[in-house]
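Taking it in order: structure first as structure tokens, then the write-up.
Derivation of every value follows stated rules applied to the coordinates shown; laboratory data play no part. These numbers were taken from a predicted model, which means no experiment stands behind them. Because the Cβ atoms are built from the backbone with ideal geometry, glycine has one as well, and the counts that use them run over all protein chains shown.
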Amino acid sequence: MSADRELRKVSRIVLLDPADRILLMHGHEPDDPADNWWFTPGGGLEGAETHEEAALRELAEETGITDVELGPVLWRRICSFPFDGRRWDQDEWYFLARTTRTETVTEGFTELERRSVAGSRWWTFPELAGSRETVYPTRLAGLLGKLLDEGPPSSPVVLDTEIV
């Protein structure tokens, strides 16, 4: 990670349905759909937004889901990865959220999201734990298992920095 680049502030959502399935987005490089991965909904803060406001806005834009109970920040991580021809350095906050709505819509996608997100899927913990797909953060299955077993941590857990 470059020391002279400011970290992009990002809110991500660990969205669970009543069956404790997690919603993940299926992303890929805009020019190479074979280079793909799964990730939680979310994105960068805009203007003077709080992390909570950004989490709710991003969730609405990327899924159409607005009826959520936003919970605490579960995890924080610093990450750096190449995407769409540039390097992204991010400070990500992962919020717990619950919803009863499982239908998603993508009308709120940005132009870049329309070129790089192939869809979304609700995953059970066993499906995620047994998957060979690339998922970010890389330890998501274990983190989800612990969350489902123990509930949210008393304060956000700082995850290992991930540099791709």
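Could the peptides 53-60, 133-140, 146-153 be put in order, highest first, of the mean number of other beta-carbon atoms found within 10 Å of their residues?
Ranked by mean Cβ neighbours within 10 Å, highest first: 53-60, 133-140, 146-153.
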Spin-label model distance (nm) - residue 118 vs residue 88, 7 Å beyond Cα toward Cβ: 1.7
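Given the convex hull of the Cα atoms of the stretch 44-164, what is a quarter of its surface area in nm²?
Here the figure is 8.4 nm², rounded to one decimal.
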Could you go through the stretch 10-20 in sequence order and give the Karplus-derived ³J(HN,Hα) for each residue, using 6.51 cos²θ - 1.76 cosθ + 1.60 with θ = phi - 60°, rounded to whole Hz, and x for Gly and Pro? 10, 10, 10, 10, 8, 8, 10, 9, x, 8, 6
Kindly work out what percent of the DSSP beta bridges joining two residues of the stretch 48-164 are antiparallel, to the nearest 5. 75
Give the relative contact order (percent, whole number) for the stretch 1-70; include only Cα pairs under 8 Å separated by 6+ residues. 29
Surrounding net charge for residue 142, when Lys and Arg each add one and Asp and Glu each subtract one, Cβ distance under 13 Å: -1
In vacuo Debye scattering of the stretch 1-86, one point per C-alpha: log10 I(q)/I(0) at q = 0.10, 0.14, 0.19, 0.25 Å⁻¹? -0.30, -0.58, -1.03, -1.40
Using label points projected 7 Å from each Cα along Cα→Cβ, tell me how many nm separate residue 28 and residue 101, to one decimal. 2.8
Residue-count net charge about residue 106 - beta-carbon cut-off 10 Å; Lys, Arg +1, Asp, Glu -1: -3
